[in-house]
Amino acid sequence: MDKQTLKNIVKLLGNIGIYLSFFFLIPISVGYYYGEDIFLFAIFNILFFCLNAIILLALKNHDITLSLRDGILSVNIIWVLVGLAGAIPLWLYSNITFMQAIFESISGFTTTGATIYADIEILPNMILILRSLMHWVGGMGILVLGVGLLSLINPSGSLALFKAESSGIKLDKSTPKIKDTAVMLWGIYIFLTFLDGLLLKIGGMSTFDAVNHAFSTISTGGFSTKNSSLAAFDTPFILWVTTFFMIISGITFLAHLRAFKGDYKGYRNEETKWYMIIFILLSLFMGLFRYQSSDDSFFIAMTHASFSIASLMTTTGFASLDYEAWGQMAVSIAFLAMLASGNGGSTAGGVKIIRYVVSMKVIFAELKKILHPAAIIRVFINSSPISSSLVWMTFGFILLFIITNAVITFYLYASGHDMMTSLSAALACVGNIGPGFSQVGPAQNYSFFDSLDLIVLSIGMIMGRLEIFTFLLIFIPSFWRKF
């Protein structure tokens, strides 16, 4: 790696670190408001700010010119470093090991929502808001904050970063300047967070709980301020509000951006249609099963079923009831919801619905070719033909997703955990979902895993957040030959 590339990456890290230190002021302020001991957190943040300020001052005359390869490397480094930075205050104010703090922090920033805390409610308010804030920052992608800054320095560099971080198959640049797109996306993100928090407050939550859950909902993260998650606010209004905003957050934010301009075509594309169809069908199946096997009314059964399916599909990870206790049919439906995931370009993790749509269309096209060998059959998405390279990337991602989950599952199983725990923990982390089944079910936590297990699962969360390709690229020898 040459000096120019090293300076590019270090200055970028300094910029991200400065942004992060300003975000840390929010939980520190909350702690001060509630009369909590903020001394260690404040000292850490001052030192963290000074370190990044020194970096920026030392490189103030250096212009960042990031290539796509630089961006890919930077993205991987940043997710590790923000995980480390977020872990320190968690470690300082909780009776946990540093590796557990790193796991919790990475789970927060990657919007996974898997927690090692058995008792959340004993945590200081500043740590509770910190966990939710990690979700909120990571949900849109912490690098989007840097896009606005970097675009002032080098538009091609910011575009390279945006491509490396963006979720889904393809970046749809809806404005001429990527900075403008990033700013508008953040505006929508903030507006939806405010609206969600306001409705939760109207529904009976305290202001503190409403803000925390709005952060976690719009980011599809899943950290709660209560041990029983949303079950602690067991009112249909709160559950339906949260269900609505989880579903909204599972739709690509570019569709929301267009909607604010009066163009609703983003909500009528094939991916969104299938996303809603799958959500409605799975909710209906689970709701009917819950209604038949419990004393709940049909409305209450559908409320909890819809909430659970939305939580799993969007990889949020909230819980209103322990669906594992509903029986094997409910677990099977929940497992399908975990696999389904949200839309590309949303804050949700997982495979993304668009990849399933592409895969199924390709499979049907190949079946038609067998029946009609001479026919020229093309695959269309939203009336536009898709390229063979896109097809290869789609199937390649799905294969890598399966292999990654299989490797982590076999590792956990070999470490002595039961198969359901191993499989669901792997899927929950790589898919950025949070809760799984058995020992990592919605009523459980990840505290029983040892440090090495947590390292493996943390890597899985980062791989899932970066959609695997971006992570694996840094292990290809030819990637490093270009530096």
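Just so you know, all these numbers are worked out from the coordinates, no wet-lab data involved. No experiment lies behind these values; they were computed from the predicted model shown. Reconstructed Cβ throughout: ideal geometry from the backbone, glycine too, with neighbour counts over all protein chains shown.
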Assuming 0.36 nm per residue, please report the length gained on full extension of the stretch residue 234 to residue 395 beyond their Cα-Cα distance. 53.9 nm
At 222 nm, what helix-only mean residue ellipticity would the chain give, in deg cm²/dmol to the nearest 500, using -39500 (n - 2.57) for each DSSP H run of four or more? -22000 deg cm²/dmol
Could you tell me which residue out of 417, 375, 68 lies farthest along the dipole of the chain toward its positive end? Charges go on the beta carbon: Lys and Arg +1, Asp and Glu -1, centred on the Cα centre. 375
What FRET efficiency do you get for residue 98 and residue 374 if R0 is 56 Å and r is their Cβ-Cβ distance, rounded to the nearest 0.05? 0.30
Hey, can you grab everything whose amide H is under 5 Å from the amide H of residue 381? Only 5+ residues off in sequence or another chain; H modelled, so Pro and N-termini drop out. 386
For a Förster distance of 30 Å, can you work out the FRET efficiency between the beta-carbons of residue 34 and residue 190, rounded to the nearest 0.05? 0.80
Loop trypsin sites (Lys or Arg not before Pro), the stretch 333-378, which have at most 16 other Cβ atoms in a 10 Å radius of their Cβ (DSSP): 378
Picking from 320, 246, 292, whose Cα lies most toward the positive end of the charge dipole for the stretch 246-364 (charges on Cβ: Lys, Arg +1; Asp, Glu -1)? 246
Enumerate the calculated ³J(HN,Hα) couplings along the stretch 261-266 in order (Karplus 6.51 cos²θ - 1.76 cosθ + 1.60, θ = phi - 60°), each rounded to whole Hz, writing x wherever the residue is Gly or Pro. 9, x, 10, 9, 5, x
For residue 119 and residue 387, what does the FRET efficiency come to when R0 = 56 Å and r is the distance between their Cβ atoms, rounded to the nearest 0.05? 0.60
Along the Cα→Cβ direction, 7 angstrom out, place labels at residue 68 and residue 475. What is the inter-label distance in nm? 2.2
Enumerate the calculated ³J(HN,Hα) couplings along the stretch 214-223 in order (Karplus 6.51 cos²θ - 1.76 cosθ + 1.60, θ = phi - 60°), each rounded to whole Hz, writing x wherever the residue is Gly or Pro. 5, 4, 6, 6, 5, 7, 6, x, x, 5
To the nearest Å, what is the center-to-center distance of the stretch 265-317 and the stretch 347-389, using C-alpha atoms only? 26
Across 201/261; 11/352; 273/368; 7/352; 226/265; 265/352, pairs whose alpha-carbon gap is larger than 30 Å: 11/352; 7/352; 226/265
Within the stretch 207-315: Cβ-based charge dipole about Cα centre, in debye rounded to nearest 20 (Lys, Arg +1; Asp, Glu -1): 380
